[in-house]
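Take a look at the structure below.
The values are calculated or read from the model by the stated rules, or taken from the named source; none is laboratory data. The model shown is predicted, which means the values in this text are computed figures rather than measured ones. Cβ coordinates were reconstructed from backbone atoms using ideal geometry, including for glycine residues, and neighbour counts include every protein chain displayed.
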Amino acid sequence: MITVRVVEVVDETEAVKCFRLARCDGEPLGPYAAGAHIDVTGPTGTTRQYSLCGPPHEGDSYLVAVKRESESRGGSAALHQQVAVGSELVISEPRNLFGLAPDAGTHVLVAAGIGVTPLLSMAHHLHREGQDFRLHYFARSREQAAFTALLERAGFADRVRLHFGVPRHEQADALAGILSGLDHRTHVYTCGPKEFMERVSEAATGLLPEEQVHAEHFQALEPPGEPGEEFELEIDTGEVFTVPADRSIVDVLQENGYPIDTSCREGICGTCVLPVLEGEPDHRDNVLTRREKAAGDQIAACVSRARSRRLVIEL
């Protein structure tokens, strides 16, 4: 973890603030991969994940945008109300579960609301590398859209299309038009509200293989069905533990002296993903891709469980 100081705060909209973060020791934070996010521990001790939205090659400081949520549990509200220039925060090093496909011919970035943040860093990177891309940004209005001034004056402004005030019932048709005629080497990336990303994925997977459609989630999915039955967990030392219906794999391992790195505890950040050696996982995360879940050789230990009586994992 890294202690940083807030060196700039900008009100992007009434509900979105941008925070520029720099190391307290004056050293650069370093470049990062486009689409990456960091954990931010705010003044109340709550940790949340925020996408880095500046140019990824400029590592002197990091830029994050935080939307104040109406039902905040101490994360976004504390950052908005208690953090100012000079405040110190603790952040993680960048992690990337939403990277750009290296073999793509064209990249189509489709954002809604605060979901523009990881796609903005992608746009900066793709423009710098001279790659073919388009960025489509949906928002209720210009006043509620973050970064519009930046997008309209950026060197890649001709690649940006702003879609303001499109009603939800018209979004499917708008997305169909945006995604029509995609080349077979195109990759689509989307971030925004869950329902919006579902519409993008539905439109794109009708034209492209699902592995060419990428979504970034910062809200946990509801666990399917009941909490789950008790199962046995074997680790690669040969030790076997019981995972009760009301406890997670992470809980049981930590209680037995095996510290597992965690962050979100909601299956959205990927920190606690572990290899599976035997058994069938019951995937309840929003991190692994459909292909990775089908392979069954990884598990997000904070939320996922086992369909088989015993699950063998590697620490």
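Which of the residues spanning the range 188-199 are among the hydrophobic types (A, V, I, L, M, F, W, C) and in contact with a helix residue (DSSP H, G or I) (Cβ under 6 Å, 6 or more places away or on another chain)? Those that are among the hydrophobic types (A, V, I, L, M, F, W, C) and in contact with a helix residue (DSSP H, G or I) (Cβ under 6 Å, 6 or more places away or on another chain): Val188, Cys191. Only one entry of Gly105, Gly42, Gly113, Gly59 meets the criterion of being in contact with a Pro (Cβ under 9 Å, 6 or more places away or on another chain), of a type outside the set (Asp, Glu) and touching a residue at least 40 places away in the same chain (Cβ under 8 Å), and that entry is Gly113. Scanning the range 250-270 for residues that are within 13 Å of Leu315 (Cα to Cα) and touching a Ser or Thr at 6+ places or on another chain (Cβ under 7 Å) yields a count of 2. Selection over the range 17-34 of residues that are modelled with pLDDT of 95 or more and either of a type in the set (Asp, Glu) or under 18 Å from Phe147 (Cα atoms) (or both) gives a count of 6.
Does Arg5 satisfy the criteria of being without any contact (Cβ under 8 Å) to a residue 40 or more places away in the chain and surrounded by 14 or more Cβ atoms within 10 Å (Cβ to Cβ)? Answer is no for this residue. Ala22 - would you say it is of a type in the set (A, V, I, L, M), in a helix (DSSP H, G or I), over 19 Å from the mean Cα position of the chain (by Cα) and crowded, with 17+ Cβ neighbours inside 10 Å? When the stated conditions are applied, Ala22 does not pass them. On inspection, Arg68 qualifies as surrounded by fewer than 21 Cβ atoms within 10 Å (Cβ to Cβ), in contact (Cβ under 8 Å) with a residue 40 or more places away in the chain, over 19 Å from Leu135 (Cα atoms) and basic (Lys, Arg). Of all residues in the range 43-74, those that are aromatic (Phe, Trp, Tyr) and within 14 Å of the chain's Cα centre (by Cα) total 1. Of everything listed in (1) modelled with pLDDT of 95 or more; (2) in the same structural domain as Phe138 (by TED's automatic domain parsing), the single unmet condition for Gly113 is (1). In this structure, Gly206 qualifies as among the small types (Gly, Ala, Ser), closer than 27 Å to Asn286 by Cα and surrounded by fewer than 13 Cβ atoms within 10 Å (Cβ to Cβ). In this structure, Phe147 does not qualify as surrounded by fewer than 18 Cβ atoms within 10 Å (Cβ to Cβ), among the hydrophobic types (A, V, I, L, M, F, W, C) and in contact with a strand residue (DSSP E or B) (Cβ under 9 Å, 6 or more places away or on another chain). Residues that are within 19 Å of the chain's Cα centre (by Cα) and not hydrophobic (A, V, I, L, M, F, W, C) were ranked within the range 75-101; the one that is surrounded by the most Cβ atoms within 10 Å (Cβ to Cβ) is Ser76.
For Ser61, indicate whether it is at pLDDT 95 or above and either of a type in the set (D, E, K, R) or surrounded by 14 or more Cβ atoms within 10 Å (Cβ to Cβ) (or both).
yes
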